[in-house]
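Taking it in order: structure first as structure tokens, then the write-up.
Here, each number is a calculation from the coordinates, and none is a lab measurement. Not measured: the values here are computed from a predicted model. Don't worry about glycine lacking a Cβ; one is built from the backbone with ideal geometry, like all the others, and counts go over all protein chains shown.
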């Protein structure tokens, strides 16, 4: 007997690296800073901190003379990174998926290890701030990803069971958090997360195309 595939009631998106690829811009600027001082920033080291906080401190790999000027260097670096992000577009296909989800009656939420001010700034710039019914951010929880708390909170605020939601993530830490919360996940990696050690059975798409492709990869049926 064939069982019909379930239909999700909500999509819970990660933000950094998933909706807007802030992560690649940040890594490239840090990589350039390392190179400027004769050092090499390994992508595998950087990846430890993607989607979470305090897992990797890039300052420790720089010369002591640079560390002594951390406040000054950080201010300059932040300005460069923010300028890069300011000029960036959403990841290709993201807006199409969001539009299709809204048209299909799926609810939209955000679960991010970043703070509310950060995501508000960039969502507003791209006209998406009001698209998300629920937003769970760093300031709402005791522990960020890979802890499941952010995804559990997003589902709770939606008043839905975790299994009725689908998480959309780009990073290992983020996908780990979703799965630990009982939320199915689809990984859509970006340039700096593509080589992370995602589980062999984790649904993965190399790019955003359509809502149908996203749901199909996770074993969900499209809304009728």
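Listing for the model above:
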{"quantity": "Viscosity 1.567 mPa s, 4 °C: Kirkwood-radius Stokes-Einstein D of region 150-224 over Cα pairs, µm²/s", "calculated": "102 µm²/s"}
{"quantity": "Cubic angstrom per residue, convex hull over Cα atoms of region 150-194", "calculated": "56 Å³"}
{"quantity": "Most mobile listed residue (84, 170, 14) in the chain, GNM with C-alpha springs under 10 Å", "calculated": "84"}
{"quantity": "When the convex hull of its Cα atoms is projected in every direction, mean area for region 82-181 (nm²)", "calculated": "6.5 nm²"}
{"quantity": "Förster radius 22 Å - calculated FRET efficiency between residue 133 and residue 89, Cβ distance, rounded to 0.05", "calculated": "0.35"}
{"quantity": "GNM top mover of 87, 103, 152 - the chain, alpha-carbon springs below 10 Å", "calculated": "87"}
{"quantity": "Region 23-86 - Kirkwood radius from inverse mean 1/r over Cα pairs (Å)", "calculated": "12.2 Å"}
{"quantity": "Within the chain, helix-based [θ] at 222 nm, where runs of 4 or more DSSP H residues each add -39,500 (n - 2.57), nearest 500", "calculated": "-11500 deg cm²/dmol"}
{"quantity": "Cα-Cα P(r), the chain, percent of pairs per 5 Å interval", "calculated": "1, 7, 15, 19, 20, 16, 10, 6, 4, 2, 1, 0, 0, 0"}
{"quantity": "Max mean-square fluctuation residue, GNM over the chain, Cα-Cα springs under 10 Å, options 58, 197, 146", "calculated": "197"}
